[in-house]
Amino acid sequence: MKLSVPKLLLSTAFFAFIFTFTEAQNVREPKNNPAEWSAPTEPFRIAGNLYYVGTYDLACYLVATPEGHVLINTGLADSEPLITESVQKLGFKMADIKVLLTTQAHFDHVAAMAALKQKTGAKVFINKADAAVLADGGASDYGLGGDTSYQPVKADRLLNDREIITAGGTQIQMLHHPGHTKGSSSFLIKVKDNKKAYSVLIANMPSVVTGKAFDEIPDYPTVAADYLYTLRAMKQLSFDIWVASHASQFALHKKRKPGDAYNPEAFADRGGYDTALKALEAEVQKKLPKK
Ligand SMILES: [Zn+2]
């Protein structure tokens, strides 16, 4: 059949529509997630120009600068309106978000990324080791894979270990902390207020996701070595305050109550960080091949 130009355009549009529709239909975001993942919480200023804009437990961070903002993590698909409300409550505009980052390409941190990318027009930067899994919506994830669990996102820029992103004078360094996913990342951010400068660690804590022993994962032959590397690297980091991918991992709701005044020091807690890593190390040890 010969198609005239308008018909051809129409049919292309039709197939594009069908494709998008089918793609959306195939996303199976895991259900029955903890209620705290979808509950709202008060947004607040952590330190300098770094803000908490996540849900009660799914931590999302806004680095606000005069030249546009960076959003780190986007939560579940249903987190999008909560994040938007939090950003606006703090007096910022969604349209000023220019870059989207994540600590790991699991559905509880990136499921709203496609929607937020579309809404803001921001560019997605990803640790190059998580680019493939982000692009297939989690299907190729070694721990949670099998189904596409979130709307796939093709990244605009791939990041290497220790690469620094500069946004409006704020430096954000990506630290490759593989294991939890192949491209799990922590971020070190230098911020300051009118009294003091802070080095802030957004830690991706290396929790174990697989029920299998590490030598039973052919999709990820370096998983054991990666976890051990990450534990070593994280123990050696220095910072003034730390937060993490989940609020529960850094005891946010113990350290800060709604209405509390600005207090970066509430998040110092080096001891809590070291204790958390020690507990995770014990979990990792259980997964190592028995000698
Ligand atoms: Zn995860």
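Quick notes on this structure:
- Residues in the range 1-59 that are in contact with a helix residue (DSSP H, G or I) (Cβ under 7 Å, 6 or more places away or on another chain), at pLDDT 95 or above and more than 19 Å from residue 79 (Cα to Cα): 46, 47.
- Screening residue 165 with (1) β-branched (Val, Ile, Thr); (2) touching a helix residue (DSSP H, G or I) at 6+ places or on another chain (Cβ under 9 Å); (3) closer than 19 Å to residue 128 by Cβ gives one miss only, at (2).
- Residue 124 vs. criteria at pLDDT 95 or above, assigned to a loop (DSSP other than H, G, I, E, B) and either surrounded by 19 or more Cβ atoms within 10 Å (Cβ to Cβ) or more than 15 Å from the ligand (Cβ to nearest atom) (or both): no
- Given (1) within 16 Å of the ligand (Cβ to nearest atom); (2) part of a strand (DSSP E or B); (3) of a type outside the set (S, T, N, Q); (4) under 17 Å from residue 129 (Cβ atoms), index of the condition residue 174 fails: (1)
- Being surrounded by fewer than 21 Cβ atoms within 10 Å (Cβ to Cβ), assigned to a helix (DSSP H, G or I), of a type outside the set (Ser, Thr, Tyr) and within 16 Å of the ligand (Cβ to nearest atom) is a property that holds for residue 129.
- Selected residue (only one of 95, 105, 115 is surrounded by 21 or more Cβ atoms within 10 Å (Cβ to Cβ) and either touching a residue at least 60 places away in the same chain (Cβ under 8 Å) or part of a helix (DSSP H, G or I) (or both)): 105
- Among (1) out of contact with any strand residue (DSSP E or B) (no Cβ under 7 Å at 6 or more places or on another chain); (2) not in a strand (DSSP E or B) - the single one residue 166 does not satisfy: (2)
- Filter pass, residue 144 being over 13 Å from the mean Cα position of the chain (by Cα) and within 22 Å of residue 58 (Cβ to Cβ): yes
- Spans of helices (runs of 4 or more DSSP H) in the range 181-291 with at least 3 residues exposed (fewer than 12 other Cβ atoms within 10 Å of the Cβ) and without any contact (Cβ under 8 Å) to a residue 60 or more places away in the chain: 270-287
- Residues being surrounded by fewer than 20 Cβ atoms within 10 Å (Cβ to Cβ) and either within 25 Å of residue 136 (Cα to Cα) or in contact with a Leu (Cβ under 6 Å, 6 or more places away or on another chain) (or both) - total across the range 54-83: 4
The values are calculated or read from the model by the stated rules, or taken from the named source; none is laboratory data. As the structure is a prediction and not an experimental result, all values here were calculated from the model. Glycine gets a Cβ as well: all are built from the backbone with ideal geometry, and neighbour counts include every protein chain shown.
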